[in-house]
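Remarks on the structure that follows.
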Amino acid sequence: MGHRLVVVGGGLAGLVAALRAAENGVSVTVLERGAAEGGDGSARLSGGLLHVAWRPMDDPPDVLFQAIMNETDRDADPVLARTLADTSLEALEWLKEQGVDIRPKSAEVPYMKQAIHPHTIGIGARHIEERGPDRAMRLLYKVADERGVAIVHSAVAGELRRSGEGWTVGAAVAGAWRSFAADSVLIADGGFQNNAELLTRYVGHAADRAFLRASAASAGAGLRLALENGAGAVGLGRVYGHMVSSGAFENDMLWPYPPVDKLCLNGLLVDRQGRRVATRADNGVQLVNELVRHEDPRGLSVVFDDALWYTAGTDDPYGTPVPNPDLVDRGGPYVRAENPDDLCAATGMDAAELRAAIDAHNDAPGKPAITGRLHSLRVVPGITFTMGGIATDDAARVLDPAGAPLRGLYAAGSCTGGIQGGPRGGYVGGLAVALVFGFRAGSSIPADLDSDPRATEEEA
């Protein structure tokens, strides 16, 4: 009997690992909680940019390694950073060989050099077939089917246990409980951004009040199962995301774009009463990490003047919709007023508090002064994925708290930690990290199985 692998999660990391393992003769079963072909992971909703710490994936490995360490303020595990840097080009070329259409979104912007085509903007959690990431995931599912990978849809993993020399995964499949035995298991079900209890435990006491700027599929089941089986964890507490209009809770035209990071970084953030919310952030991801820890993440507004509305409000670093005019045109909560009193009358803020907040903002170093006509948007930190998670080595093997591998257990993608984060919430890249470490897992699992003396003895 050939080696068996069960993959928990059919997103980008899981499908890449499944295809690589199947190429090497492993019998693979993927447990995907979504019912749709292509899965229900956040890769389908992404912007499709493939970059490593804002650098193209085909940059020299030493350049990529340094970019990772700089982006995370040297918080990234250097072994994982080196693996990501050294494997990026190989994994990218492999993805192209599967038929995924990768083209520049911009020839001038380094992090847009490699993007999944067609470059069509996403809307909420909708699966839009003409979008590049959606098309790519459906293609990978088709390739997996052609290569004999068994994909079990509507499968929610709920149990992981040792079974002899291997593992057994228990899952509810369309409401019925089933068990899947394997020599090895790969956990690749994303982070825990849709798990209120884990968000409040690891990120902030009110972090569950942030907006879920991603698929609802990632609820931390993989992390829980790994920890129950003796895995270590690393980097818990940081998230990746963007500031979005609070109207996104009711209107999916307002997420994942337009982001309102630049307005929030340069404008005046206030609470429901109009009191200033001071931050130290110098980028959008860092700002989200600060504000998910605010006592009332859903009670925030940003106040700014005409100058910011026509500069930061129209800034377009990602080739996506922008606040001015797209947020307003799409029905996002927006107020314009001639003075603080009129703004407070429209928003319910306290005029004295707001005036004091404007004065404090204008006195703050490095902030553009607010003068003249005022604008206000209700905003909320949006979490795309959690950065920390299961501890792994450079071959995607799950490690215990002492750093020893748990035989036969692997993890890849945003359910893992050690490569993103740092004090400023350094973002190394969601798709690239999933691709590379899924690729590494799919390569190392067959090699580990073939070198396991127990497997050799059984076959003999």
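Looking at the range 219-237 only, could you name the residues that are in a loop (DSSP other than H, G, I, E, B) and either among the aromatic types (F, W, Y) or under 16 Å from the mean Cα position of the chain (by Cα) (or both)?
To start, the set of residues in the range 219-237 that are in a loop (DSSP other than H, G, I, E, B) comprises 219-220, 229-232, 235-237.
Matches in the range 219-237: A219, G220, G235, L236, G237.
Sort out which residues of the range 168-218 are surrounded by fewer than 24 Cβ atoms within 10 Å (Cβ to Cβ), assigned to a loop (DSSP other than H, G, I, E, B) and modelled with pLDDT of 95 or more, and write them in order of number.
Selection gives N194, N195, G204, H205, A206.
Filter the range 335-347 for residues that are surrounded by 15 or more Cβ atoms within 10 Å (Cβ to Cβ) and either in a helix (DSSP H, G or I) or of a type in the set (D, E) (or both) and give the result.
Residues of the range 335-347 that are surrounded by 15 or more Cβ atoms within 10 Å (Cβ to Cβ), as a first pass: 335, 337, 340, 342-344, 347.
Selection gives P340, D342, L343, C344, T347.
Give the number of residues within the range 287-308 that are assigned to a helix (DSSP H, G or I) and in contact (Cβ under 8 Å) with a residue 40 or more places away in the chain. Walk me through how you get there before you give the answer.
Step one: filter the range 287-308 for residues assigned to a helix (DSSP H, G or I), giving 287-291, 297-299, 306-308.
Filter again for in contact (Cβ under 8 Å) with a residue 40 or more places away in the chain, leaving 287-289, 291, 297-298, 306-308.
Summing the residues that are assigned to a helix (DSSP H, G or I) and in contact (Cβ under 8 Å) with a residue 40 or more places away in the chain in the range 287-308 gives 9.
Can you confirm whether the range 348-358 contains a residue that is open to solvent by 50 Å² or more (accessible area, probe 1.4 Å), within 30 Å of A125 (Cα to Cα), touching a Gly at 6+ places or on another chain (Cβ under 8 Å) and not in a loop (DSSP other than H, G, I, E, B)? Walk me through how you get there before you give the answer.
Let us first name the residues in the range 348-358 that are open to solvent by 50 Å² or more (accessible area, probe 1.4 Å), namely 348, 350, 352-353, 355-356.
Next, only the ones that are within 30 Å of A125 (Cα to Cα) stay: none.
No, the range 348-358 contains no residue that is open to solvent by 50 Å² or more (accessible area, probe 1.4 Å), within 30 Å of A125 (Cα to Cα), touching a Gly at 6+ places or on another chain (Cβ under 8 Å) and not in a loop (DSSP other than H, G, I, E, B).
Suppose we keep only residues that are open to solvent by 50 Å² or more (accessible area, probe 1.4 Å) and hydroxyl-bearing (S, T, Y) within the range 290-317. Which one would you say is farthest from V203 (Cα to Cα)?
Applying the filter and picking the extreme gives Y310.
Give the residue that is nearest to A432 (Cα to Cα), with candidates limited to residues of the range 127-142 that are of a type in the set (A, V, I, L, M) and either assigned to a loop (DSSP other than H, G, I, E, B) or open to solvent by 40 Å² or more (accessible area, probe 1.4 Å) (or both).
To start, the set of residues in the range 127-142 that are of a type in the set (A, V, I, L, M) comprises 128, 136-137, 139-140.
Restricting the remaining residues to those that are either assigned to a loop (DSSP other than H, G, I, E, B) or open to solvent by 40 Å² or more (accessible area, probe 1.4 Å) (or both) gives 128, 139.
Working: I128: 21, L139: 18 Å.
Ranking the candidates gives L139 first.
Name the pairs whose Cβ atoms lie under 9 Å apart, with the first residue in the range 238-262 and over 23 Å from R131 (Cα atoms), the second open to solvent by 30 Å² or more (accessible area, probe 1.4 Å) and of a type in the set (V, I, T), and 6 or more positions between them or separate chains?
Qualifying pairs under 9 Å: K262/T311.
Please verify whether A22 is outside any loop (DSSP other than H, G, I, E, B) and under 30 Å from N70 (Cβ atoms), treating the condition exactly as stated. Write out each step before concluding.
Numbers: outside any loop (DSSP other than H, G, I, E, B): yes; under 30 Å from N70 (Cβ atoms): no.
No; evaluated as a whole, the condition is false for this residue.
Tell me the residue from R4, R82, R33 that is crowded, with 24+ Cβ neighbours inside 10 Å and basic (K, R), please. Lay out the reasoning, then the answer.
Numbers: R4 fails: crowded, with 24+ Cβ neighbours inside 10 Å; R82 fails: crowded, with 24+ Cβ neighbours inside 10 Å.
Among R4, R82, R33, only R33 is crowded, with 24+ Cβ neighbours inside 10 Å and basic (K, R).
Here is a list of conditions, (1) part of a loop (DSSP other than H, G, I, E, B); (2) open to solvent by 50 Å² or more (accessible area, probe 1.4 Å), and R378 meets all of them except one; can you say which number that is?
The single condition R378 does not satisfy is (1).
How about the range 397-417: which of its residues are surrounded by fewer than 24 Cβ atoms within 10 Å (Cβ to Cβ) and in contact (Cβ under 8 Å) with a residue 60 or more places away in the chain?
Step one: of the range 397-417, the residues surrounded by fewer than 24 Cβ atoms within 10 Å (Cβ to Cβ) are 397, 399-408.
L399, D400, P401, A402, G403, L406, G408 - these are the residues of the range 397-417 that are surrounded by fewer than 24 Cβ atoms within 10 Å (Cβ to Cβ) and in contact (Cβ under 8 Å) with a residue 60 or more places away in the chain.
Provide a single number: the residues in the range 62-82 that are in a helix (DSSP H, G or I), among the polar types (S, T, N, Q) and closer than 20 Å to Y240 by Cβ.
Taking the range 62-82 and keeping what is in a helix (DSSP H, G or I), we get 62-71, 78-82.
Checking the rest, the ones that are also among the polar types (S, T, N, Q) come to 66, 70.
Keeping just the survivors that are closer than 20 Å to Y240 by Cβ gives 70.
Of the residues in the range 62-82, 1 are in a helix (DSSP H, G or I), among the polar types (S, T, N, Q) and closer than 20 Å to Y240 by Cβ.
Tell me which residues, restricted to the range 148-162, are more than 18 Å from I445 (Cα to Cα) and either without any contact (Cβ under 8 Å) to a residue 24 or more places away in the chain or of a type outside the set (A, V, I, L, M) (or both).
Of everything in the range 148-162, those that are more than 18 Å from I445 (Cα to Cα) and either without any contact (Cβ under 8 Å) to a residue 24 or more places away in the chain or of a type outside the set (A, V, I, L, M) (or both) turn out to be H153, S154, G158, E159, R161.
Among the numbered criteria (1) of a type in the set (D, E); (2) surrounded by 14 or more Cβ atoms within 10 Å (Cβ to Cβ); (3) without any contact (Cβ under 8 Å) to a residue 60 or more places away in the chain, which one does D145 miss?
Tallying (1) of a type in the set (D, E); (2) surrounded by 14 or more Cβ atoms within 10 Å (Cβ to Cβ); (3) without any contact (Cβ under 8 Å) to a residue 60 or more places away in the chain, D145 fails exactly one: (2).
Scan the range 268-286 residue by residue and report those that are open to solvent by 20 Å² or more (accessible area, probe 1.4 Å) and assigned to a helix (DSSP H, G or I).
If the condition is that a residue be open to solvent by 20 Å² or more (accessible area, probe 1.4 Å) and assigned to a helix (DSSP H, G or I), then Q286 is the only one that fits.
Given the conditions (1) farther than 20 Å from V239 by Cα; (2) charged (D, E, K, R); (3) out of contact with any helix residue (DSSP H, G or I) (no Cβ under 6 Å at 6 or more places or on another chain); (4) not in a helix (DSSP H, G or I), report the number of the one that D58 does not fulfil.
Just one mismatch for D58, condition (3).
With the requirement that a residue be under 18 Å from A351 (Cβ atoms) and of a type in the set (G, A, S), what does the range 294-311 give you? So that I can check it myself, show each step before the final result.
Keep residues of the range 294-311 that are under 18 Å from A351 (Cβ atoms), which gives 299, 301-305.
Answer for the range 294-311, where residues must be under 18 Å from A351 (Cβ atoms) and of a type in the set (G, A, S): G299, S301.
What is the number of the single condition among (1) open to solvent by 40 Å² or more (accessible area, probe 1.4 Å); (2) at positive phi that G124 does not meet?
(1)
Consider the range 386-431. How many of its residues are assigned to a strand (DSSP E or B) and of a type in the set (S, T, N, Q)? Spell out how you get there, then give the answer.
Quick first cut of the range 386-431, residues assigned to a strand (DSSP E or B) only: 386, 389-390, 392, 397-399, 405-411, 416, 421, 426.
Those still in the list that are of a type in the set (S, T, N, Q) too: 386, 392, 416.
Final tally of qualifying residues: 3.
Is it true that G313 is in a loop (DSSP other than H, G, I, E, B) and within 18 Å of L269 (Cα to Cα)? Talk me through it step by step, then tell me what you get.
Details: in a loop (DSSP other than H, G, I, E, B): no; within 18 Å of L269 (Cα to Cα): yes.
So G313 does not fit the description; no.
Is at least one residue of the range 385-396 open to solvent by 20 Å² or more (accessible area, probe 1.4 Å) and within 18 Å of A312 (Cα to Cα)?
No, the range 385-396 contains no residue that is open to solvent by 20 Å² or more (accessible area, probe 1.4 Å) and within 18 Å of A312 (Cα to Cα).
Could you please find all residues in the range 238-256 being of a type in the set (G, A, S) and either under 20 Å from the mean Cα position of the chain (by Cα) or in a loop (DSSP other than H, G, I, E, B) (or both)? Talk me through it step by step, then tell me what you get.
As a first pass, look at the range 238-256 and keep what is of a type in the set (G, A, S): 241, 245-248.
Residues satisfying the conditions are G241, S245, S246, A248.
The values are calculated or read from the model by the stated rules, or taken from the named source; none is laboratory data. The structure presented is a predicted model; accordingly, all values stated were derived computationally and were not measured. For neighbour counting, all protein chains shown are included, and Cβ atoms are generated from backbone atoms with ideal geometry for every residue, glycine included. For accessibility, only protein heavy atoms count, side chains too; no ligands or nucleic acids. Shrake-Rupley method; radii C 1.70, N 1.55, O 1.52, S 1.80 Å.
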